[in-house]
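Colleague: My structure is below; once you've seen it, I'll send some questions.
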Protein chains: 2
Amino acid sequence: MQEWQEEVLAEVRAGSRISDRDIVDKVRRAVLMQRLPPGTRLPEVTLGEVFGVSRSVVRKALTRLASEHVVDQRPNQVARVRAPSIEETRETFAARRLVEGEVAALLAGHLDAASDARLAAQARGEIEAHGRGDEPARIEHSLAIHHLLAEHSPNRVLGAMLTDLILRTSIVIALYKRPNPASCFLAGDHTALLAALEQGDAEAAREVIRHHLESLEALLDLSPREASIDLMAILGRSREQA
Amino acid sequence: MQEWQEEVLAEVRAGSRISDRDIVDKVRRAVLMQRLPPGTRLPEVTLGEVFGVSRSVVRKALTRLASEHVVDQRPNQVARVRAPSIEETRETFAARRLVEGEVAALLAGHLDAASDARLAAQARGEIEAHGRGDEPARIEHSLAIHHLLAEHSPNRVLGAMLTDLILRTSIVIALYKRPNPASCFLAGDHTALLAALEQGDAEAAREVIRHHLESLEALLDLSPREASIDLMAILGRSREQA
DNA sequence: GCCATGGATCCTGTATACAATGAACCTGTT
DNA sequence: AACAGGTTCATTGTATACAGGATCCATGGC
C-alpha cells in the first residue's frame, strides 16, 4: 500500500478537486496498468487518505467500480481488485466477439470522414509505436481504436456494452498474457478493419473483428492452473505489507 | 408520493430488516409494475423515511439502480425514474435480439431435464394465464422463461448482460405499449422456442428469439411524439403532489 | 403582461461518529 | 507441536450534522 501512495498523491495534488469519478478513473487505470495487481486490498480509509477525501466518496467510487467489474465488493469485507477466472476470461472474449462484431457491422459504411481519419491516425500510431518498441504507447493506440468503435456505435446501448467489455478484456489480457513473446500486437488486423469499414462491407468487418479477438485470446496463457490466483483472492493473503 | 408510501410501508413491516438490496428490488419492481411512472422524483430522505433507513443506505441503492439504468442520477439533482427515449427503446431491443439470440443458440441441446421441465411449466402457465385473462400472471410467466434462459446461459457474462436487457425491455414495454389491444402475448412463440432448444437446433432457436422480439417491438407504439415524455422528464413537472 | 431578481426551501455532497462484524493473534491446553 | 478458545484490532455498516447547489415562488421593474 506504500509504493503507489506517494505517486498517486503527487498526481492528486497536481489536479484540483477530487470527486468519486476521479477516483474511479484513477483506480481503473491503475488496475489496467497492473499497478494494482488482482487481489489487492482496497480499504476505504486508506483510499480516502490517499485521495484526501472521506469514506463517503470512496464508498461511492468503490460501488461504481464493482458495477464495472473492476473490484469485488462483498458484505463486511475489504474491497479487492477482481481476478477474473480463466473460464470468465473465455466468456468475456466470446461476449466481446459477439458485441464488437455487431458494432463493426453496423458501422461499416456509416463512418463520417472525421472519425475515419482519427481511426486511421490511431492505426498508424499503433504501427509506429510497435516499430520503436514502445509497448505502452502501442496499447494506448490499440485501445483508442476500439473505444472509437464503441463511441461511434449507431446503437448506443451496444456501444456502452462494448465499452464495458473492452475494459474487462484489457484487465484479463494484463492478467493472463504470456511473459515472453513480443506482445499482443496483431499486425494488419486494424488496417484490415479500416478497409472493411470504408468499403461498407459489414460481414467482412464482423469477421475481421472476430478473427482479431480470437487471435488475441489465443495469445494468452489460459491453461488451467492450480487455482493459485483464485485461492490468492479467496483466502486473501495480504501481500502489500513490507 | 403519498399513494405508494403506505403500501410499501406495509410491505416493509411484513419483512424483517431492510438493506440496500431490498430497496433496489422493491423500487425496480415498482418501476416494472408501473407504480412508479417515468420521471417520478425519488428524493433520498423520502425514500429513507418510507423504508425506515437513513440516506446512506438509500444512496447506495440509488447508485445501484442508476447502474441498472432504472433511475437517472445527475449531480446535485434528485434521482428520477428513467424514461428511455424511443430511439433507445429500439436500440435496446436490437441489443437484446443479438444477445438473447446467442444465448438461445448456445443453450440449444444443452439443457438438463430439470430446467427443461421448468421452462415447459412456465410456458404452459403463460398460456393458461392468458386463457383466463390474467395479464399480470401471464407477464410473470413470460418473464420467468426469459430469466431462465439468462440464468442457464453457458456464458455467464452474456447471461448477466441478458438479465440487464430483459429488465430494460420490460420497462420500455410498460412505457410504450399500446393501451387497447389485448396484450403483448405472442401465441406459440415460447412453445416454438422450447421445441428448438430440445431438438438442439441452435440456429432455429436464435431465429425464434429474434422473431419473437421483433414481434414484441412491433406491438409497441413507437411513433415519434412531440417529446412529451422526454420534456416531462427533463423539465421535471412534479406530478405526485395532490 | 412578461421577464428578471431576490430570498426561502428543498435536496444532495461530504465529513464524521458510533455500532457491528470479521479477521488476526495470542494463550492455554492436550 | 497442534489445536481450540477468546481477545484485540482493523474495517465496514449506518446514522447524523453541516455546507453548498438547485429549484420555486414572490416581488419588482420594464
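Colleague: In nm to one decimal, list the spacings between the A:A114 label point and its equivalents in the other copies, with label points set 7 Å along Cα to Cβ, shortest first.
Modeller: Those label-point separations list as 5.6 nm.
Colleague: Shifting gears a bit: Sort all Cα-Cα distances of the range A:32-176 into consecutive 10 angstrom bins from zero, then give the percent of pairs in each bin up to the one containing the longest distance.
Modeller: Calculated P(r), rounded to whole percents: 11, 31, 32, 21, 5, 0.
Colleague: Still on this model: Quickly work out the A:R118-to-A:I18 label distance, labels modelled 7 Å from Cα along the C-beta direction, and quote it in nm with one decimal.
Modeller: Inter-label distance under the simple model: 3.0 nm.
Colleague: Another question, if that's okay. List the distances, in nm to one decimal, from the label point of B:E214 to the label points of the same position in every other copy, shortest first, placing each label point 7 Å from Cα along the Cα-to-Cβ direction.
Modeller: Its label point is 2.7 nm from the equivalent points in the other copies.
Colleague: Another question, if that's okay. Measure off 7 Å from each Cα along the Cα-to-Cβ vector at A:V45 and B:R156, then give the distance between these two points in nanometres to one decimal.
Modeller: Between A:V45 and B:R156, the simple spin-label model gives 3.3 nm.
Colleague: Most exposed first by the Cβ proxy, i.e. fewest other Cβ within 10 Å, how do A:M33, B:M161 rank?
Modeller: Working: A:M33 12, B:M161 26.
Neighbour counts put them in this order, fewest first: A:M33, B:M161.
Colleague: Now, a different point. Which value, in debye to the nearest 20, describes the size of the charge dipole of the range A:86-179 about its Cα centre when Lys and Arg Cβ atoms bear +1, Asp and Glu Cβ atoms bear -1, and nothing else is charged? Display every interim value, and only then the final one.
Modeller: Values: 11 positive and 14 negative charges, 37 e Å.
Using only the charged Cβ atoms, the result is roughly 180 debye.
Colleague: Translational diffusion coefficient, Stokes-Einstein: compute it for the range A:130-180 using the Kirkwood radius over C-alpha pairs as Rh, at 10 °C and 1.306 mPa s, and state it as an integer in µm² s⁻¹.
Modeller: 131
Colleague: Could you compute how fast the range B:77-129 diffuses translationally, taking Rh as the Kirkwood radius over C-alpha pairs and applying Stokes-Einstein at 10 °C with viscosity 1.306 mPa s? Give it in µm² per second.
Modeller: Numbers: Rh = 14.3 Å.
Taking Rh from Cα pairs, D becomes 111 µm²/s.
Colleague: At q = 0.16, 0.22 Å⁻¹, what log₁₀ I(q)/I(0) does a Debye calculation on the Cα points of the range A:97-196 give, no solvent, two decimals?
Modeller: Taking Cα atoms of the range A:97-196 as identical point scatterers yields -0.70, -1.25.
Colleague: Test of understanding: ordering B:T92, B:T46 by Cβ neighbours within 10 Å, fewest first, what list do you get? Walk me through the numbers before you get to the answer.
Modeller: Working: B:T92 24, B:T46 15.
In increasing order of surrounding Cβ atoms, one gets B:T46, B:T92.
Colleague: Still on this structure, I have one more. If Rh is defined by the Kirkwood formula over all Cα pairs and Rg also comes from Cα, what ratio Rg/Rh do you get for the range B:32-113? Before the final figure, lay out each step's value.
Modeller: Numbers: Rg = 17.5 Å, Rh = 15.2 Å.
With Rh from the inverse mean 1/r over Cα pairs, Rg/Rh is 1.15.
Colleague: For B:A195 and A:Q199, what does the FRET efficiency come to when R0 = 45 Å and r is the distance between their Cβ atoms, rounded to the nearest 0.05? Each step should come with its number before you reach the end.
Modeller: Details: r = 40 Å, r/R0 = 0.89.
My answer for the efficiency is 0.65.
Colleague: Count the net charge of all other residues whose Cβ sits under 13 Å from the Cβ of A:E207, scoring Lys and Arg as +1 and Asp and Glu as -1. Kindly include the intermediate steps, with their values, before the conclusion.
Modeller: Working: positive: A:R97, A:R206, A:R210; negative: A:E100, A:E102, A:D189, A:D201, A:E203, A:E214.
Once positives and negatives cancel, what remains is -3.
Colleague: Kindly state, to the nearest 0.05, the FRET efficiency for A:K177 paired with B:N76, given R0 = 45 Å and r defined as their beta-carbon distance. Walk me through the numbers before you get to the answer.
Modeller: Numbers: r = 42 Å, r/R0 = 0.94.
The calculated FRET efficiency here is 0.60.
Colleague: Would you tally the net charge around B:A123, using a Cβ to Cβ cut-off of less than 14 Å, leaving B:A123 out, and scoring K and R as +1, D and E as -1? Show your work: numbers first, answer last.
Modeller: On the way: positive: B:R118, B:R124, B:R138; negative: B:D116, B:E126, B:E128, B:E140, B:D189, B:E198.
Every neighbour counted, the sum reads -3.
Colleague: Hey, for A:A137 with labels 7 Å out along Cα-Cβ, what do the inter-copy distances come to in nm, ordered shortest first?
Modeller: Ordered by increasing distance: 6.9 nm.
Colleague: If you take each beta carbon of peptide B:154-161 and count the beta carbons of other chains within 10 angstrom, what is the mean? Before the final figure, lay out the partial values.
Modeller: Working: counts 2, 8, 5, 16, 6, 2, 3, 6.
For peptide B:154-161, the averaged partner shielding equals 6.
Colleague: Please state the charge dipole magnitude for the range A:15-124, taken about the Cα centre, from unit charges on C-beta atoms (+1 on K and R, -1 on D and E), reported in debye and rounded to the nearest 20. Kindly include the intermediate steps, with their values, before the conclusion.
Modeller: Details: 19 positive and 14 negative charges, 91 e Å.
It works out to roughly 440 debye.
Values quoted throughout were computed directly from the atomic coordinates according to the rules given, and no laboratory measurement underlies them. Quantities reported herein were computed from a predicted structural model and do not represent experimental measurements. So basically every Cβ, Gly included, is an ideal-geometry build from the backbone, and we count neighbours across all protein chains shown.
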